[in-house]
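The values are calculated or read from the model by the stated rules, or taken from the named source; none is laboratory data. On a predicted model such as this, the values are computed, not experimentally measured, just so you know. When we count neighbours, we look across all protein chains shown, and the Cβ atoms used for this are built from the backbone with ideal geometry, even at glycine. With ligands, DNA and RNA removed, areas are computed over all heavy atoms of the protein, side chains included. Shrake-Rupley method; radii C 1.70, N 1.55, O 1.52, S 1.80 Å.
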Amino acid sequence: MKAAVWHAKRDIRVEDIPQPPDPRPDEVTVKVHWTGICGSDLHEYTAGPIFIPTETPNPLTGKVAPLVLGHEFSGEIAAAGKDVTNVKVGDLIAGDAPMHCGDCEPCKIGRYNICDSLAFVGLMGDGAFAEYVNIPSYAAFPLPEEVGTDAAALVEPIGVACNTVRRSGISLGNSVAVIGAGPIGLLHLQAAKAAGADQTFVLEIADVRKEFAKNLGATMVLDPNETDVVQAIKDNTGGLGVDVVIECVGGDECDGPTVPVGLSILRRGGRMMVAGIFEKNVEINPNELVFFEKQLWGCLSATPKDVEAAVSLLKENKIQADPMITGRIKVDDIVEKGFEELLANRHKNLKIIVTPQ
Ligand SMILES: [Zn+2]
Ligand SMILES: [Zn+2]
């Protein structure tokens, strides 16, 4: 079958590889329809290996590079192991990325996304830039007929936004600031609104992305290069700051001022969620937390409950996926029209989705 295989940094090859074996008793084989290119895939391309095991096989998957990338995907169940009960052959599904052990302390209390042995499909094991992929059956979520498999390629990142928003405690009438209007920021914006956020501020510097944020319902889009964002947010929240801040940038674009800025626009007693991934240490003043009882929380990936919520939000049209899809390409073109296009025109693109068909 055809697949996009990561060999090394800047070396992703579209190759003919053997199809996955028959699924194990608790696995399914998915015939892939669409797979989104994620920021972490891009990182593996430009600066990898980051998550990809290259010397020691991943303990959960037993895999080592070269391996097939792709962890935001949808498709049809082509085969199911004998113990699988949640889906059957022919079902259309959205795939989820995290794989867990089921035995460690976090797993025992349902916090699978912080499992001691957490591994991701398409990073620590073979993924979905391929015609077929084997995944644990718990990572397959049946799709209602209202949700197409193109939109369903965004279920995994929407699940990430659902985890953040659920843990942030956002409720009706809250004010929320989202830092960064890339794909993850825009999904968090939509999920915050779906959870009841009233006033939503988006901080973004790229013009195209400011437009995306406005079109997806941000109350106010603020450019930190043009506006004193701390003052502007205070002026619009009765001098208080926002109830919740969600950081969706991380370190690669701005080397970290997003965290101190986020804390300075947060109201006393408010909660800041950090969803970005950082490449360097960030300096903050802990007194900002102590004196005002501000909370600083990290969030990673999603639990199965969040992925179920993601499917419902798409079904009920409370999150729009279509405006987020800025490119549809074939796997043969993944390097040129996918990875290279995202690098050359980073701000113009949100999600590029790839089909192996
Ligand atoms: Zn991703
Ligand atoms: Zn575990």
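What the table shows:
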| quantity | calculated |
| --- | --- |
| Max mean-square fluctuation residue, GNM over the chain, Cα-Cα springs under 10 Å, options ALA130, ALA94, ALA194 | ALA194 |
| Fraction of antiparallel bridges per DSSP, the chain only, in percent to nearest 5 | 55 |
| Amide H within-cut-off set for LYS330, under 5 Å, with H built and near neighbours excluded | THR355 |
| ³J(HN,Hα) computed for each position of region 260-269 - Karplus, 6.51 cos²θ - 1.76 cosθ + 1.60, integer Hz, glycine/proline x | x, 4, x, 5, 7, 9, 8, 6, 4, x |
| Label-to-label distance, nm, for residues given as ILE109 and ARG268 (7 Å Cα→Cβ offset) | 3.1 |
| Region 135-193: relative contact order in percent, alpha carbon pairs under 8 Å with at least 6 residues between | 37 |
| Distant-in-sequence amide H partners of PHE278 (H built 1.01 Å from N, under 5 Å) | GLY251 |
| From phi via Karplus (6.51, -1.76, 1.60), per-residue ³J(HN,Hα) for region 326-337 in Hz, x at Gly/Pro | 9, x, 10, 9, 8, 4, 4, 9, 4, 6, 5, 8 |
| Share of carbon and sulfur in the accessible heavy-atom surface of the chain [1.4 Å probe, %] | 49 |
| Region 3-48: C-alpha gyration tensor shape, a/c 1.5 cut-off, then a/b vs b/c | prolate |
| For VAL178, residues with placed amide H under 5 Å, excluding near neighbours | PHE201, VAL202, LEU203, ILE246 |
| Probe 1.4 Å, protein heavy atoms only - accessible area per residue of the chain in square angstrom | 43 |
| Proximal aspartates and glutamates to LYS337, defined as alpha-carbon separation beneath 20 angstrom and excluding residues fewer than eight positions away on the same chain | ASP11, GLU15, ASP16, ASP41, GLU44, GLU72, GLU131, ASP150, ASP322 |
| Descending semi-axes in whole angstrom, ellipsoid equivalent of the chain, from the Cα gyration tensor | 34, 21, 20 |
| Cross-link pairs LYS193/LYS315; LYS2/LYS88; LYS2/LYS305; LYS294/LYS318; LYS193/LYS214; LYS31/LYS193 - those with Cα-Cα distance over 22 Å | LYS2/LYS88; LYS2/LYS305; LYS294/LYS318; LYS31/LYS193 |
| Rounded, prolate or oblate (a/c below 1.5 giving rounded, otherwise prolate when a/b exceeds b/c) for region 62-105 by Cα gyration tensor | oblate |
| Integer Hz, Karplus 6.51/-1.76/1.60 couplings in order for region 282-299, x for Gly and Pro | 10, 8, 10, 9, x, 4, 4, 7, 5, 5, 10, 6, 7, 10, 10, 10, x, 9 |
| Prolate/oblate/rounded call for region 157-286, Cα gyration tensor, a/c under 1.5 rounded | rounded |
